[in-house]
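The next block holds one structure in the form of structure tokens; read it before the comments.
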Amino acid sequence: MAILSVLSAWIPLVLPLFLCVFFVAFLGYCLYIKYVHLKYDHIPGPPRKSFILGHAQIMADVLKNDGVIHEKFLEWAETYGPVYRINILHYVMIGVYCPEATKEILMSPNYPKDKFFYKRLFNIFGQRFLGNGLVTALDHEQWYKQRRIMDPAFSSLYLRGLTSTFNERADKLMDKLSEHAENKTVANMLHLFNCVALDVITKVAFGVDLDLLKYTSPFPKAIEMCLKGMCYYIRDITFEFIPQNWSFINEVRQAGHLLRSTGAQWINQRKTAMQNGEDVPKDILTQIIKSAGQEESMTKEDEEFMLDNFVTFFIAGQETTANQLAFCVMELGRHPDIVEKARKEVDEVIGMKREISYDDLGNLTYLSQVLKEALRLYPPAPGTSRELIRDMVIEGIHIPKGVTCMLNTFTSCRMEKFFKNPLKFDPDRFHPDAPKPYYCYYPFALGPRACLGQNFAQMEAKVVMAKLLQRFDFTLVPGQRFDIKDTGSLRPKSGVPCIIKHRSTK
């Protein structure tokens, strides 16, 4: 009772002071936002929906309506020009589709990854996610140390030795498709590609057989939950404060914990086996551990970096390849003439061989064009961002330093300015004699921070597509839509359901 009487006596005295301090702090923050507006409002951009939140509500509404935020970026680019401004709280981001600026920013190590976006990938709702791995490391020296450790695992010599595994896992997919053909059941191609891509990355990178085409696993769902959670965590700044979202947030945390605990288990098992002198697969995980062991000193944080990169490869190695393959089938299903041209090349290069060699892949020129065109229209990783650490002039517009610069290949690749009839699926855009896109096509980013696994991903995709064209006819289930689902990466919303038939012999 005494405590209550003291509190009741003090509250009338303290509350006005607290409200006064809060008001002064809020007023100061509003003045700072006004200063930011004055500093950057000469840059064209869409009207803000809120003085404080800026364009945050617009982006959150796109997410809530199951839209694609990159289509909004494209709309703004076409409306406001090669440089446009976005405000969120006191942060300023600029969208840029100027090729010269893209070249300057991405090809140089002097523009670090931006703090606004990549720090929010460190964790999701308090659960460590990508941490300070290769994708998210902001400090150049920290990133470079990790890249040096990783490089041997992605050398051309090592990748050449992976074709047998690519073939083996692709053959399991062909067996599954054969079942669909014989049973006359519809095949959800996105799901099947997700299974085979995750099988490949776990086998090739970590020496683990999941065999997802036969057995269920919690990993695909965990990856999907993490990516979905990532979208809300980055694009809706109010999401985690709404009580009805807390159940979903808890599921995302559990999914992230599953991936990281699995990674820790697999890494420790491999390190123990290597220390005991056991025979271990010469896979990416072994290469990483061996290379890391060559460092002069390995700290506890370095061990966490290895785990960060485990999660990065686990997700990126599956998600982007599967989505690219699904989009490719979706477009081929609408263009039988392109199918026939690609199939003719496969017949000439591979014939009836079951094993596709590394040299065969280099001779599948038109199939490479098809896969590149799928990446142009539907880049699973639509863009990247950098921090401008010094003033720049882009297309005559002065950009003061300190802003986040968003570089979006989805935007530039769908603009008439860079590609004639940009929404048409046309693999001949990437014919060897065609003019090369000038810094507007970068599905794996560009420069020193370009995706380390891009050659790995394209080898895998080419093996799978070549075997599919070699053995099966596929027809899109009538009535399906061809919309894009934005889950952080881009995927076909329909799942690309197909009717599969064994290829007829002529």
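The values are calculated or read from the model by the stated rules, or taken from the named source; none is laboratory data. Remember, it's a predicted structure, so these values are computed and weren't measured experimentally. Quick reminder, even Gly has a Cβ in these numbers, built from the backbone with ideal geometry, and neighbours come from all protein chains shown.
Brief remarks follow.
- The test for being in contact with an Asp or Glu (Cβ under 7 Å, 6 or more places away or on another chain), within 30 Å of Glu168 (Cβ to Cβ) and among the β-branched types (Val, Ile, Thr) does not hold for Val370.
- Residues (assigned to a helix (DSSP H, G or I) and closer than 22 Å to Tyr439 by Cβ) located in the stretch 80-117: Tyr80, Pro99, Glu100, Ala101, Thr102, Lys103, Glu104, Ile105, Leu106, Phe117
- From the list Lys214, Lys271, the one residue that fits, being surrounded by 17 or more Cβ atoms within 10 Å (Cβ to Cβ), of a type in the set (Lys, Arg) and on the phi < 0 side of the Ramachandran plot, is Lys271.
- Lone qualifier among Ala187, Ala181, Ala170, Ala197 - being at pLDDT 85 or above, touching a Ser or Thr at 6+ places or on another chain (Cβ under 6 Å) and not in a loop (DSSP other than H, G, I, E, B): Ala197
- The number of residues in the stretch 218-264 that are of a type outside the set (Ser, Thr, Tyr), within 16 Å of Phe310 (Cα to Cα) and over 21 Å from the mean Cα position of the chain (by Cα) comes to 1.
- Test: residue in the stretch 349-357 that is under 22 Å from the mean Cα position of the chain (by Cα) and over 22 Å from Glu416 (Cα atoms): no
- Check on Ser164, surrounded by fewer than 16 Cβ atoms within 10 Å (Cβ to Cβ), small (Gly, Ala, Ser) and at pLDDT 90 or above: no
- Residues in the stretch 478-496 include none that are part of a helix (DSSP H, G or I) and within 24 Å of Gly383 (Cβ to Cβ).
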